[in-house]
Amino acid sequence: MIRLAAAAFALFAAPLAAQDFSANSEAKTWNLYAEVPAKFDAKVVDVMCEITGDCPADCGAGDRQLGLLRSADNVLVMATKNNQPAFTGAVVDLLPYCNQDVTVDGLMINDEDFPINNVYLVQRIKAGDADWAKASQFTKVWATKNPDAKGKGPWFRRDPRINALIEKEGYLGLGLEIDKEFKEYLFE
Amino acid sequence: MNKVLAVILGLLATPALAAEGERIIVTGEIIDTWCYYSGVMGGPDSVVGSAHHTCALWCSASGIPIGLLAEDGTVYTILKLGPQDNATGGDTALTLASHTITADGMSYSRDGINYIVVEKVVEDMGIVNLTHEDYDVIPPFAIPEPKE
């Protein structure tokens, strides 16, 4: 009985203890102040479903944030960023793996003092015997969804919704008059 | 023994169940959580408000999680923003980037992350955090230099 209780205690204690998932990680550094390479097994989950119990079959089809329910300790990791240095989230990359068990490799950010907990930049994903897939699909998917936004420059300079808001409220979001004055100061 | 095992299994199953929420009304700024947490653009004070507004638009549009930075410093990751719109790249999230709002919703906490499901934006105060006065613009290339 005591051994059983000890085992149960150990299982509960696991998520609370700082675990090292850096072994065998091939994650590339982004030179972020609190980054730690982290490779782990997880289930791709709809965070809203995990938190509230509201669970559509398709993880929200791209409309919901996706997380990684880590197999080793049942911790819900927030998949915040994909591997593209282009202001891009991770939902597009993880959605094909909705409710599947995968292995991910990337950078974990934890800082007890901030505090920051379980924020993750996913760099690559592996499902079963398949090859590793780079978590770099956002711009391809964006281009498919925005065929009329072709042109030079990165996606975020050509995105119709972003450009419409900037055209209406300026780069500072404070109105075009303030924007004009600020740009005169900035580029004088 | 069987009863003990049943209790243990029941407790182990608990994390898989939905967390218990609490209804809150909270005022704060809608922020880009990646830049705020990662430090990729600089310290947390520089990646909020007007200085970071354009970058916040970029990140929100791509589906990076948005957060509600409350007046007490708590960050709530926003899972839903209003009754009809999602918080992942949705139009409402984009329109409210960098705005200070009062939200009525359910808050949850799990594994060190606070979450909020916003049922209603009670008040939208617009952008009131004028960080461009201290930081100009973050990142510096957010506003393209005028062509000669």
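A:Ile116 meets each of the listed conditions (1) among the aliphatic types (A, V, I, L, M); (2) in contact with a strand residue (DSSP E or B) (Cβ under 7 Å, 6 or more places away or on another chain); (3) closer than 16 Å to A:Gly89 by Cα apart from (3).
Reported count of residues in region B:85-121, each being in contact with a Phe, Trp or Tyr (Cβ under 6 Å, 6 or more places away or on another chain), facing another protein chain (nearest Cβ under 7 Å) and open to solvent by 10 Å² or more (accessible area, probe 1.4 Å), is 1. Scanning region A:51-66 for residues that are facing chain B (nearest Cβ under 10 Å), free of Cβ contacts under 8 Å to residues at least 12 places away in the same chain and not hydrophobic (A, V, I, L, M, F, W, C) yields A:Thr52, A:Gly53, A:Asp54, A:Asp63.
Determine whether B:Asp32 is charged (D, E, K, R), at pLDDT below 95 and at negative phi. Against the criterion (charged (D, E, K, R), at pLDDT below 95 and at negative phi), B:Asp32 does not qualify.
Conditions (1) closer than 17 Å to B:Ile138 by Cα; (2) in a loop (DSSP other than H, G, I, E, B), marked per residue:
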residue	(1), (2)
B:Met41	yes, yes
B:Ala51	yes, no
B:Leu57	yes, no
B:Ser60	yes, no
B:Asp72	no, yes
B:Leu79	no, no
B:Leu94	no, no
B:Ala103	no, no
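Report yes if some residue within region A:111-128 is surrounded by 17 or more Cβ atoms within 10 Å (Cβ to Cβ), more than 9 Å from chain B (Cβ to nearest Cβ) and hydroxyl-bearing (Ser, Thr, Tyr); otherwise report no. Yes, because at least one residue in region A:111-128 is surrounded by 17 or more Cβ atoms within 10 Å (Cβ to Cβ), more than 9 Å from chain B (Cβ to nearest Cβ) and hydroxyl-bearing (Ser, Thr, Tyr). Within region A:164-181, identify whether any single residue is modelled with pLDDT under 95 and among the charged types (D, E, K, R), and answer yes or no. No; the residues of region A:164-181 include none that is modelled with pLDDT under 95 and among the charged types (D, E, K, R).
Against the list (1) away from every other protein chain (no Cβ under 13 Å); (2) farther than 17 Å from A:Glu26 by Cβ; (3) in contact with a Leu (Cβ under 9 Å, 6 or more places away or on another chain), the condition A:Val102 fails is (2).
For region A:78-98, the count of residues that are more than 11 Å from the chain's Cα centre (by Cα), more than 11 Å from every other protein chain (Cβ to nearest Cβ) and open to solvent by less than 50 Å² (accessible area, probe 1.4 Å) is at least one. Note on region B:66-84: among residues that are of a type in the set (Gly, Ala, Ser) and more than 12 Å from chain A (Cβ to nearest Cβ), the one that is nearest to the chain's Cα centre (by Cα) is B:Ala70. Among what's in region A:24-34 and is at the interface with another protein chain (Cβ under 9 Å from one of its Cβ atoms) and open to solvent by 40 Å² or more (accessible area, probe 1.4 Å), pick the residue that is nearest to the chain's Cα centre (by Cα). Across region A:24-34, the extreme among qualifying residues is A:Trp30.
Just one of the listed residues (A:Ala143, A:Ala135) is at pLDDT 95 or above and more than 16 Å from A:Met78 (Cα to Cα), and it is A:Ala143.
How about region A:35-50: which of its residues are touching a residue at least 60 places away in the same chain (Cβ under 8 Å) and buried (at least 19 other Cβ atoms within 10 Å of the Cβ)? Result: A:Glu35, A:Pro37, A:Ala38, A:Lys39, A:Phe40, A:Ala42.
The values are calculated or read from the model by the stated rules, or taken from the named source; none is laboratory data. Predicted, not measured: the structure shown is a model, and the values here were computed from it. Reconstructed Cβ throughout: ideal geometry from the backbone, glycine too, with neighbour counts over all protein chains shown. These area figures cover heavy atoms from the full protein model, side chains too; ligands, DNA and RNA do not enter into them. Shrake-Rupley method; radii C 1.70, N 1.55, O 1.52, S 1.80 Å.
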